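For reference, the structure is listed below as structure tokens.
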Amino acid sequence: MADLSINLAGIKSPNPFWLASAPPTNSGYQVQRAFEAGWGGAVWKTLGDPILNVSSRFAAINFNGQRVAGFNNIELITDRPLDVNLKEIYETKKRFPNHAIIASLMVEPKQEKWHEIVKRVEDVGVDGLELNFGCPHGMAERGMGSASGQVPSLVEKQTYWVKEAAKTPVIVKLTPNITDITVTAEAAVNGGADAISMINTINSLMGVDLDTWNTIPHVAGKGAHGGYCGPAVKPIALNMVAECARNPRISVPISGIGGISNWQDAVEFILMGAAGVQVCTAAMHHGFRIVEDMIEGLDHYLDSKNISAVSELIGKSVPRYSDWGNLDLHYNITAQINTDVCINCNKCHIACEDTSHQCIDMIKGDNGRSYLKVREEDCVGCNLCAIVCPVEGAITMVEQTSMQPMTWNERQAALNSSK
Amino acid sequence: MSEHEQYLAEKEKIDQLLSEGYNIYHAVENLDGAFVEFFHLKSGTKKTLHIRTANARKYFSSIFIQQKSS
């Protein structure tokens, strides 16, 4: 078996799978059950001045038969007093000394507030702290969460205040509700963060009931924006992780979060620079035991690649992620249709004819039967036909021979030098 | 004429000038495509091609980069 243990900025855990700060980590009962199931770590549901919640808190989008393709919540941080949470953290850490417990924290942007909560939380033996600068709903209206996380100077200052008092590693959790997450990531690093985590949830309104005209969810006929997460946000999160991982000024480990539902998703985040991952929606959908498949799948994957430790995977795909201007303009792929597999549904032809480059023809063969054929010379390799095709293996994108590589940046440099 | 045929026609014009000993020495790009200026070193003659298709604009750029590097 490969070594699945990680060391994220000094926080050690037996595997890279942590539960994210959220409803699944609300109590000692839950976190202990999670550790029993195999989770390597847990970020305790955010601690701060205990809040009041509303009823009717979650909503989900089901898409084409997939339940919970996206998930939305308007639940706030913990509604339990700090001493109750601390007692349970202490008991949990005592029972599971080798598992990572990270305390998520959120207080007003005041130095003394941060110092107080850091000291009280570290006294019960947490392995690290995660500063919640990301929650987009409710707390943000009070100047905390994403309201803090959207202002680089506030991210830097509050991180600095925490580092003044902290003895354990400090992870700064970033909001995606910002144009360029690398700006706030850099602010966290400048403030002394030992690691960053991303993404928190995205501002969202899940829907409107066509009969009642109420928002989904609604609280007695009124709604407010929530935080969106789950499989639908994975591409957004993966890009943000990758953008930070390839930024030389962001030199701290990354804890990847956002729609991670299985071991394959986790490997993608790790390849793109995450030193570990956090999961919430998938656990809320399927329960804590999904971690068993995650551990087994990751272990088999590493074995299949002859890799002895998951840490060797970290960031392996980062050099392959760049700016558009560095992509090869001469790289050329074209679609090929396997008529032995194709069911002649015509979806590729319609998609190409209506919305792409009009290069798939329906041809009548000598035997009178119709078949679809790509005019390769007109195909730009957009992939749309393969994307809409309902039959696996019917359409393959094939690399063509091309000229020497030339990027847009190289081209423009050459043209500009001729002026 | 398909876009591919337009590309082949433009490529042919570029290749023709290159075979006649012209080199690309300048290109101006605007909303209408690229105006590529060729120069014949021996005769001192200049010629300009209006290149419209994307593939031909990639093509002359690669030729230009090759010429500069050699």
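The values are calculated or read from the model by the stated rules, or taken from the named source; none is laboratory data. Predicted model only: the values in this text are computed from it and were never measured. Virtual Cβ from ideal backbone geometry, glycine too; neighbours counted across all protein chains shown. Only protein heavy atoms, including side chains, enter the accessible area calculation; ligands, DNA and RNA are left aside. Shrake-Rupley method; radii C 1.70, N 1.55, O 1.52, S 1.80 Å.
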Practice item. Only loop residues by DSSP count here, and only those with at most 15 other Cβ atoms within 10 Å; note down the trypsin sites (Lys or Arg not before Pro) in the range A:164-244 that meet that. Key: A:Lys167
Exercise for review: Evaluate the charge dipole of the range B:3-69 about its Cα centre and quote only its size in Debye, nearest 20, assuming +1 on the Cβ of each Lys and Arg and -1 on the Cβ of each Asp and Glu.
Suggested key: 260 debye
Practice item. List the relative contact order of chain A as a percent without decimals, with contacts defined as Cα pairs under 8 Å and 6+ residues apart. Key: 14 percent
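Taking all protein chains as present, what is the carbon and sulfur share of the accessible area of the protein assembly as shown, in % to the nearest whole number, probe 1.4 Å?
The nonpolar share, carbon plus sulfur, comes to 50 percent.
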Check your understanding: Give me the Kirkwood hydrodynamic radius of chain A in Å, from all C-alpha pairs, to one decimal place?
Key -> 23.6 Å
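FRET efficiency for A:Asn64 and A:Lys119, Cβ-Cβ distance as r, R0 = 51 Å, nearest 0.05? It would help to have the intermediate numbers written out before the result.
Values: r = 50 Å, r/R0 = 0.98.
Taking R0 as 51 Å, the efficiency between A:Asn64 and A:Lys119 is 0.55.
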Revision key, fill the gap. Note to self: with every protein chain in place and a 1.4 Å probe, the protein assembly as shown gives an accessible area per residue in Å² of 49 Å²
Practice item. List the residues of the range B:34-70 that lose 30 Å² or more of accessible area once all protein chains are present, compared with their chain alone (1.4 Å probe, heavy atoms only, no ligands or nucleic acids). Key: B:Lys58, B:Ser61, B:Ser62, B:Phe64, B:Ile65, B:Lys68
**Study point:** Residue-averaged 222 nm ellipticity for the protein assembly as shown, from DSSP H runs of 4+ at -39500 (n - 2.57), nearest 500
**Key:** -10000 deg cm²/dmol
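Sum up the charges of everything whose Cβ sits under 13 Å from the Cβ of A:Ser5, counting Lys and Arg as +1 and Asp and Glu as -1, but leave A:Ser5 out. Spell out each step's value before the answer.
On the way: positive: A:Lys12; negative: A:Asp3, A:Asp299, A:Glu312.
Residues near A:Ser5 contribute -2 overall.
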Revision key, fill the gap. The farthest towards the positive end of the charge dipole of chain A, of the residues A:Ala414, A:Tyr228, A:Ala335, given +1 on Cβ of Lys and Arg and -1 on Cβ of Asp and Glu, is A:Tyr228
Review point. With θ set to phi - 60° and the Karplus curve 6.51 cos²θ - 1.76 cosθ + 1.60, what are the ³J(HN,Hα) couplings of the range A:265-274 in order, to the nearest whole Hz, using x for Gly and Pro?
Key: 4, 4, 4, 4, 5, 5, 4, 8, x, 6
**Study point:** Shape category assigned to the range B:3-69 from the gyration tensor of Cα positions, a/c cut at 1.5
**Key:** prolate
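Taking a probe of 1.4 Å and counting only protein heavy atoms, give the total accessible area buried between chains A and B in Å², rounded to the nearest 100.
Counting protein atoms only, the buried area is about 1300 Å².
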**Study point:** Karplus (6.51, -1.76, 1.60) ³J(HN,Hα), θ = phi - 60°, over the range B:29-39, in Hz, Gly and Pro reported as x
**Key:** 10, 8, 4, 9, x, 10, 10, 9, 9, 10, 9
Check your understanding: Exactly which trypsin sites (Lys or Arg not before Pro) in the range B:1-69 are in a DSSP loop and have at most 16 other Cβ atoms within 10 Å?
Key -> B:Lys42, B:Arg52
Check your understanding: For the range A:59-126, rounded, prolate or oblate, judged on the Cα gyration tensor with a ≥ b ≥ c (square roots of eigenvalues), a/c < 1.5 rounded, else prolate if a/b > b/c?
Key -> oblate
Check your understanding: Ordered by residue, what ³J(HN,Hα) values in Hz, to whole numbers, does the range A:155-161 give under the Karplus form 6.51 cos²θ - 1.76 cosθ + 1.60, where θ = phi - 60° and Gly and Pro are x?
Key -> 4, 5, 5, 5, 4, 4, 4
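So how strong a dipole does chain A carry about its Cα centre when Lys and Arg Cβ are +1 and Asp and Glu Cβ are -1, to the nearest 20 debye?
740 debye
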Check your understanding: How large is the charge dipole for the range A:151-264, taken about the Cα centre, if only the Cβ atoms of Lys, Arg (+1) and Asp, Glu (-1) carry charge, to the nearest 20 debye?
Key -> 240 debye
Exercise for review: Treat the range A:199-316 as a sphere of radius equal to its Kirkwood radius over Cα pairs and apply Stokes-Einstein at 10 °C in a medium of 1.306 mPa s; give the translational diffusion coefficient in µm²/s, rounded to a whole number.
Suggested key: 100 µm²/s
Exercise for review: Find, among the trypsin sites (Lys or Arg not before Pro) in the range A:299-333, those assigned to loop by DSSP (not H, G, I, E, B) with at most 15 other beta-carbon atoms within 10 angstrom.
Suggested key: A:Lys305, A:Lys316
Review point. Among all the lysines, which ones have a C-alpha under 25 Å from A:Lys45's C-alpha, if same-chain residues fewer than 8 places away are not counted?
Key: A:Lys12, A:Lys87, A:Lys93, A:Lys94, A:Lys110, A:Lys113, A:Lys119, A:Lys157, A:Lys163, A:Lys167, A:Lys173, A:Lys234
Review point. Cα to Cα, under 21 Å, and not fewer than 8 places away if on the same chain: which lysines meet these conditions relative to B:Lys13?
Key: B:Lys42, B:Lys46, B:Lys47, B:Lys58, B:Lys68
Point to revise | Positive-end extreme of charge dipole, chain A - chosen from A:Ile89, A:Ser204, A:Val252 (charges on Cβ) | key: A:Ile89
Point to revise | the range A:1-115: Cα Rg divided by the 2.2 N^0.38 Å rule of thumb | key: 1.21
